[in-house]
Amino acid sequence: MSDLVDKANKQQQVWLEAQVRQARLNAQPTDDTECIDCGEPIGEQRKRAMPSAVRCIQCASKRETPSNSPQSYKQAGGGQKGTKR
């Protein structure tokens with residue numbers, strides 16, 4: 001059964017990577033130089049790497065890390081044995 005799950009996960013990852021590549025190819029460059037969230041400069045290196053970027057790396061990272069991720073849950077003290085909630 002785990003082989004089937006592993007195969008499905010691999011197929012999902014391949015599909016997701018293809019979707020990301022296609023989105024990057026279709027993304028239109030912007031003239032934005034300031035982050036639309038915080039107003040700080042986006043950064044020349046980031047604009048070269050991703051011309052369609054409209055957020056600085058810090059704000060983009062925050063948006064891409066869901067607050068309900070297992071890592072966030074652990075950091076908040078969730079899932080620890082012996083703790084009362």
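The values are calculated or read from the model by the stated rules, or taken from the named source; none is laboratory data. Given the structure is predicted, the values throughout are model-derived calculations rather than measurements. Methodologically, a virtual Cβ is constructed for each residue, glycine included, from the backbone with ideal geometry; neighbour enumeration extends over all protein chains shown.
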Count of the stretch 27-48 residues which are surrounded by 10 or more Cβ atoms within 10 Å (Cβ to Cβ) and either under 15 Å from the mean Cα position of the chain (by Cα) or at pLDDT 90 or above (or both): 12
Qualifying residue in the stretch 57-68 (condition: polar (S, T, N, Q) and modelled with pLDDT of 90 or more): yes
Where residue 51 falls short, out of the listed (1) in a helix (DSSP H, G or I); (2) surrounded by 10 or more Cβ atoms within 10 Å (Cβ to Cβ); (3) over 14 Å from the mean Cα position of the chain (by Cα): (1)
Tally, over the stretch 1-44, of residues that are of a type in the set (Ser, Thr, Tyr) and more than 23 Å from residue 58 (Cβ to Cβ): 1
